[in-house]
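Asker: Structure provided below as structure tokens; questions to follow.
The values are calculated or read from the model by the stated rules, or taken from the named source; none is laboratory data. Only a predicted model underlies this, so the values are computations on that prediction, with no experimental measurement involved. For neighbour counting, all protein chains shown are included, and Cβ atoms are generated from backbone atoms with ideal geometry for every residue, glycine included. Keep in mind that these areas ignore ligands, DNA and RNA; they rest on the heavy atoms of the full protein, side chains included. Shrake-Rupley method; radii C 1.70, N 1.55, O 1.52, S 1.80 Å.
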Amino acid sequence: MNAKSAKKLFKKYLNNECSPEEKELLDRFLESYQDKDAFLSEFSFDEGSQEELWQKIAKKTTPEKKNGSYFNRFVFKYAAVFIALLGLVIFFNVERKDTVKAPALLIEDKAIVLKTGDDHTQEIVIGGGETITDAEGNVLASQSDDQMVYHAKSTTELVYNEIIVPKGKRFELKLSDGTLVHLNADTSLKYPVCFIAGQDRKVFLNGEAYFEVAKDPDHKFTVVANDMDVQVLGTHFNVSSYADEENYTVLAEGSVAINDKRNDGGDGEPSILKPGQKAAMAKDALVISEVDISDYLNWRNGDLSFNNETFGAIIKKIERRYGVRIENGYAELESVRFRGVFKNETIQDLLDTFKESAEFDYEITNNQIRIKKPML
């Protein structure tokens with residue numbers, strides 16, 4: 001929406017001529033503004049229209065006065081923005097009065113890399129049609145779009161491949177037993193080219209993946225993720241094992257047994273998860289809690305979900321999702337918590353939304369974003 005069409009719709013809004021759909025659209029947009037100057041700077045209305053619009057916004061968004069902490073004051077500001085984000089996310093691309101363009105963000109397009117058992121590497125292009133062959137030229141796997149499918153064959157030799165998905169990308173693997181693995185950005189998975197009859201199935205994860213394990217009562221399936229072993233026979237679950245972040249498993253279907261290898265080398269009694277539960281590797285123990293699993297699974301659709309997460313943790317998710325580097329120079333924001341969902345927005349849309357709510361500035365240099373405390 002450009003400035004001309006935005007002003008036209010706002011005029012209809014003031015005259016109570018908007019359709020229900022137009023009114024809902026504008027109401028959601030207006031709710032994201034808590035600062036008068038920030039709103040008025042967007043449009044070149046006459047002063048009378050500006051004041052009338054702002055009074056309507058203020059009437060909708062003025063909170064009840066109450067004592068609260070620094071955190072609570074922040075939460076109210078953020079809540080208005082994320083009302084729109086917790087469903088249909090709407091953004092307006094309005095022409096600014098100034099003509100100075102922000103520096104373009106240069107995002108490095110790294111390839112997905114496949115490492116074979118003989119240390120050969122091969123780049124995988126999403127949308128391509130690569131094939132993986134052994135030394136004799138036999139096809140082991142074939143690619144279709146964003147998925148690589150391994151073909152089952154009888155073998156007595158355990159050979160591992162490893163796939164490395166960089167930041168800004170996602171990929172899928174179908175293992176030779178039919179198990180489907182959704183790989184998040186900045187993730188690597190080491191797995192057998194073919195599983196061996198009579199032996200348990202085992203894969204090694206660094207990063208985050210959602211597993212839809214093919215049922216096989218005779219062969220347990222284990223995901224080794226740092227100090228956490230997740231064992232199943234056939235079920236759907238998510239495992240996250242990024243370095244320097246909370247490591248956890250969330251169960252969607254079936255049941256899993258979690259072994260904390262920090263205790264007795266993983267030989268102790270395992271913890272059993274039920275659907276809708278999360279097992280997190282806390283400092284001294286495995287902590288199980290009830291969660292909304294959609295908060296942990298939406299990444300498979302390319303969404304960014306934040307459920308009461310700190311800004312510091314969110315920055316890491318943004319870096320993985322968009323393949324950028326972010327430096328937070330506004331330390332006060334690090335522990336502030338947010339809720340919301342972003343879907344198909346650009347990195348600039350996302351940053352501008354946070355900027356309006358959290359009241360920070362940012363600058364872009366190549367593929368690095370620096371968040372700054374606003375000038376008073």
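Asker: In the stretch 211-285, what trypsin sites (Lys or Arg not before Pro) fall in a loop by DSSP, with at most 11 other Cβ atoms inside 10 Å?
Answerer: K283
Asker: Grab the Cα-Cα distance for Y160 and I126, subtract it from 0.36 nm times how many residues apart they are, and report the gain in nm with one decimal.
Answerer: Here the segment from Y160 to I126 would lengthen by 10.0 nm.
Asker: Provide the gained length on full extension for the span A282 to S294, in nm with one decimal, where the gain is 0.36 nm per separating residue minus the Cα-Cα distance.
Answerer: 2.2 nm
Asker: For N263 and E363, what does the FRET efficiency come to when R0 = 45 Å and r is the distance between their Cβ atoms, rounded to the nearest 0.05?
Answerer: Taking R0 as 45 Å, the efficiency between N263 and E363 is 0.45.
Asker: While we're on this one: Calculate, for R370 and A152, the FRET efficiency according to 1/(1 + (r/R0)^6) with r their C-beta to C-beta distance and R0 35 Å; round to the nearest 0.05.
Answerer: Calculated transfer efficiency: 0.10.
Asker: Quick check: the distance between the Cα centres of the stretch 322-354 and the stretch 225-289, to the nearest angstrom?
Answerer: Centre-to-centre distance over Cα atoms comes out at 28 Å.
Asker: Can you send over the solvent-accessible area of S154, 1.4 Å probe, protein chains only, in Å² to the nearest 10?
Answerer: Counting only protein heavy atoms, S154 exposes about 120 Å² to solvent.
Asker: Additional query: Leaving out ligands and nucleic acids, note down the accessible area per residue over the stretch 194-234 with a 1.4 angstrom probe, in whole Å².
Answerer: 41 Å²
Asker: Stretched out fully, how many nm does the piece from E246 to E334 gain, at 0.36 nm a residue minus the Cα gap?
Answerer: Answer, rounded to one decimal: 30.1 nm.
Asker: Moving on. How much accessible area per residue does the stretch 298-344 have, in Å², with a 1.4 Å probe?
Answerer: Result: 43 Å² of accessible area for each residue.
Asker: What are the extents of the Cα atoms of the stretch 164-205 along their three principal axes, in Å, largest first?
Answerer: For the stretch 164-205, the Cα spread along each principal axis is 38, 16, 11 Å.
Asker: May I pose another question? Identify the trypsin sites (Lys or Arg not before Pro) of the stretch 114-204 meeting these criteria: DSSP loop state and at most 16 other C-beta atoms within 10 Å of the C-beta.
Answerer: Answer in residue order: K153.
Asker: Around N226, what is the net charge, scoring Lys/Arg as +1 and Asp/Glu as -1 over all other residues with Cβ under 10 Å from its Cβ?
Answerer: Net charge in that neighbourhood comes out at 0.
Asker: What do you get when you divide the Cα radius of gyration of the stretch 183-316 by 2.2 N^0.38 Å, with N the number of residues?
Answerer: The value comes to 1.03.
Asker: With each pseudo-label sitting 7 Å past Cα toward Cβ, what's the T346-K110 distance in nm, one decimal?
Answerer: Using points 7 Å along Cα→Cβ, the separation is 2.4 nm.
Asker: At a 1.4 Å probe, what is the % contribution of carbon and sulfur to the accessible area of the stretch 298-349?
Answerer: Carbon-and-sulfur percentage of accessible area, whole number: 40.
Asker: For the stretch 248-288, what is the accessible area per residue in Å², given a 1.4 Å probe and the full set of protein chains?
Answerer: Accessible area per residue: 52 Å².
Asker: Can you give me the relative contact order of the stretch 99-203 as a percent, contacts being Cα pairs under 8 Å and 6 or more apart?
Answerer: 22 percent
Asker: Using a 1.4 Å probe over the heavy atoms of the protein chains, calculate the carbon and sulfur portion of the accessible area of the stretch 166-294 as a whole percent.
Answerer: 44 percent
Asker: Related question: When all protein chains stay in place, what accessible area (Å², nearest 10, 1.4 Å probe) is found for E359?
Answerer: E359 exposes around 80 Å² with every protein chain in place.
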